[in-house]
Structure formats: structure tokens, C-alpha cells
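Asks: Take this structure, written in C-alpha cells, and hold onto it; I'll ask about it next.
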Amino acid sequence: MRASDRAYATLLDEIQSGILRPGAVLGEVEQAARLGVSRTPLREALGRLAADGLVAQQSPRVTVVTAIDADDIREIFEVRRALEESAARLAAERGDAEAFAALARAFGEVDPNGPGDGDGPDDYYGLIARFDETLDAAVANGYLTAALRTVRTHLVRVRRLARDNPDRLAASVAEHRLIASAIAARDADLAAHATHVHLHNALTNILRSLGASTSSAT
């Protein structure tokens with residue numbers, strides 16, 4: 001792995017996981033020393049993060065982690081809805097029906113509120129990643145999947161901001177199962193509609209969770 005790729009991967013993980021919080025200052029000298037790279041690869045990594053919208057430059061040598069609020073989340077979901085509904089339609093037309101049928105079965109078996117070892121939130125999010133990979137392969141459109149990857153980069157941060165709600169996790173499993181089943185059945189309209197409903201419910205839950213967090217902090 002190139003030094004710039006390594007620095008990018010580390011900083012991306014730290015931003016997405018919340019180790020580097022919004023407003024955190026990323027000074028060139030300090031970050032280069034901490035990550036064990038020279039300034040050139042660090043600048044390349046920061047440039048990629050800036051293109052992702054995860055950092056912003058305050059001065060020639062100081063970069064900060066960007067904030068994310070309810071308005072940002074709504075805008076992300078506007079883009080996400082357009083991309084994912086289109087992807088669901090294309091997958092229903094082009095995808096491997098059996099691959100999505102297998103995903104539907106897997107969603108029917110996973111318990112996101114279980115104790116682990118095949119169940120639990122981590123296993124559920126792993127299944128979501130598998131669904132995304134299968135969807136991208138089915139769409140077979142590099143421009144669309146590149147746009148989706150950018151949105152998903154932000155969704156990791158958004159998901160971390162929302163509290164894990166057992167009822168919402170269970171509902172999300174059922175929603176993904178329906179989407180996968182619709183794609184497997186080559187029903188493009190149902191796949192797109194089920195995606196729309198899922199994203200509406202996800203956004204509502206995230207905004208409600210953010211509101212509750214803000215209220216409890218004041």
C-alpha cells in the first residue's frame with residue numbers, strides 16, 4: 001500500500017469512527033509524524049478526504065474535520081434516494097436473481113439484536129456490505145457505483161451518530177429482505193418502491209435520534 005493510501009485509510013477510519021471528531025484540527029506536521037509518512041503523501045490523503053467532503057482546509061497548512069448536521073443528512077439522503085432507487089431498478093433488470101434470492105434468505109435469518117456469532121448489529125452491517133457489493137456488481141455502471149461509494153462514505157458517519165434502535169434494526173432487516181426479494185423476482189417497480197420506503201424510514205429514525213441526543217445534551 002502506498003504511503004498516501006495508508007494515510008487516507010487511517011484518517012478515513014478515524015473520522016468515520018468518531019476518533020477524529022468534527023472540528024478536529026489536522027495539522028500537516030503533527031499528522032505526518034503521527035502516521036509515519038512525509039508531507040507529500042499526507043497532502044494527497046487530505047486532498048482525497050477533502051474531495052469526499054470529510055475535511056476542509058482552513059489555512060495552507062491546517063485542515064479540519066467537517067461537521068455534519070441534520071441539514072447535511074437530509075441532503076445526503078436526497079442523493080442517496082435517487083442513486084439507490086435507480087440502482088435497485090437496474091439490479092432487477094440486470095442482476096443475478098439467485099444471488100439476491102440468497103441475500104433475501106440471509107436477511108430472513110439474521111437477528112440484528114442477537115448476541116453475535118451470526119447475529120447482532122455487526123453481522124447485520126456485514127450483510128448490508130455484502131448486499132451493497134452485490135448491488136454494485138449487478139448495476140454494472142461505474143459512474144453510478146462511484147457516486148454510491150461517495151454517499152456510503154458519509155453514511156458510516158451518519159450511522160454512528162444515530163442510536164441503535166432494536167425496533168428499527170429489526171424493521172430494516174425486513175425492508176432489505178423485501179428489496180432483495182423484489183430484485184430476485186425481476187420486479188423493478190417493487191424494488192425501487194421498497195428502497196424508497198426503507199430510506200424514508202432510515203432518515204426519519206436518524207433525525208429522531210439526533211433530536212433526542214440534542215435534547216438530552218441541553
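Asks: Within the range 26-41, what residues put their amide N at less than 14 Å from the label point 7 Å along the Cα-to-Cβ vector of residue 17?
Replies: Correct set: none at all.
Asks: How large is the dipole of the range 132-188 about the Cα centre if only Lys and Arg carry +1 and Asp and Glu carry -1, each at its Cβ, rounded to the nearest 20 debye?
Replies: Roughly 260 debye, rounded to the nearest 20.
Asks: What shape does the range 105-157 have by the C-alpha gyration tensor, where a ≥ b ≥ c are the square roots of the eigenvalues, rounded means a/c under 1.5, and otherwise prolate means a/b greater than b/c and oblate the rest?
Replies: Cα axes put the range 105-157 in the oblate bin.
Asks: Could you give the length gained by full extension between residue 174 and residue 71, i.e. 0.36 nm per residue of separation minus their alpha carbon distance, to one decimal place?
Replies: 34.3 nm
Asks: Okay, moving on. Identify the trypsin sites (Lys or Arg not before Pro) of the range 30-68 meeting these criteria: DSSP loop state and at most 10 other C-beta atoms within 10 Å of the C-beta.
Replies: Loop-located and lightly packed - none at all.
Asks: Ordered by residue, what ³J(HN,Hα) values in Hz, to whole numbers, does the range 59-70 give under the Karplus form 6.51 cos²θ - 1.76 cosθ + 1.60, where θ = phi - 60° and Gly and Pro are x?
Replies: Ordered by residue, 3J(HN,Hα) equals 8, x, 10, 10, 10, 10, 6, 6, 7, 9, 10, 4 Hz.
Asks: Ok, one more. Taking K and R as +1 and D and E as -1, what net charge do the other residues with C-beta under 11 Å from the C-beta of residue 106 add up to?
Replies: Net local charge, residue 106 excluded: +1.
Asks: Taking 0.36 nm per residue of separation and subtracting the Cα-Cα distance, what length does fully extending residue 59 through residue 97 add?
Replies: 8.6 nm
Asks: Over the chain, what relative contact order in percent results from Cα pairs under 8 Å that are six or more residues apart?
Replies: Taking the mean separation of contacting Cα pairs over the length of the chain, I get 25 percent.
Asks: Heads up, I need the accessible area for residue 193: 1.4 angstrom probe, whole protein in place, Å², nearest 10.
Replies: Looks like 110 Å² after rounding.
Asks: Would you mind working out the magnitude of the charge dipole of the range 30-75 relative to its Cα centre, with +1 at each Lys and Arg C-beta and -1 at each Asp and Glu C-beta, to the nearest 20 Debye?
Replies: 380
Asks: Round to the nearest 0.05 the FRET efficiency obtained for residue 33 and residue 153 when R0 = 35 Å and r is the Cβ-Cβ distance.
Replies: Efficiency, rounded to the nearest 0.05: 0.85.
Asks: Here is a follow-up. Please list, in chain and number order, the residues 5+ apart from residue 63 or on another chain whose amide H is under 5 Å from its amide H, with Hs placed from the backbone.
Replies: 26, 27, 28, 58
Asks: Average projected area of the Cα convex hull of the range 1-128, in nm²?
Replies: 11.0
Asks: Summing -39500 (n - 2.57) over the DSSP H runs of n ≥ 4 in the chain and dividing by its residue number, what mean residue ellipticity at 222 nm do you reach, to the nearest 500 deg cm²/dmol?
Replies: It comes out at -25500 deg cm²/dmol, rounded to the nearest 500.
Asks: Tabulate in residue order the Karplus-calculated ³J(HN,Hα) for the range 141-146, using 6.51 cos²θ - 1.76 cosθ + 1.60 with θ = phi - 60°, rounded to whole Hz; enter x for Gly and Pro.
Replies: 9, x, 5, 5, 5, 5
The values are calculated or read from the model by the stated rules, or taken from the named source; none is laboratory data. In this text the structure is predicted, and so the values were computed from the model without any measurement. Reconstructed Cβ throughout: ideal geometry from the backbone, glycine too, with neighbour counts over all protein chains shown. Surface areas here come from the heavy atoms of the whole protein model, side chains and all, with no ligands, DNA or RNA. Shrake-Rupley method; radii C 1.70, N 1.55, O 1.52, S 1.80 Å.
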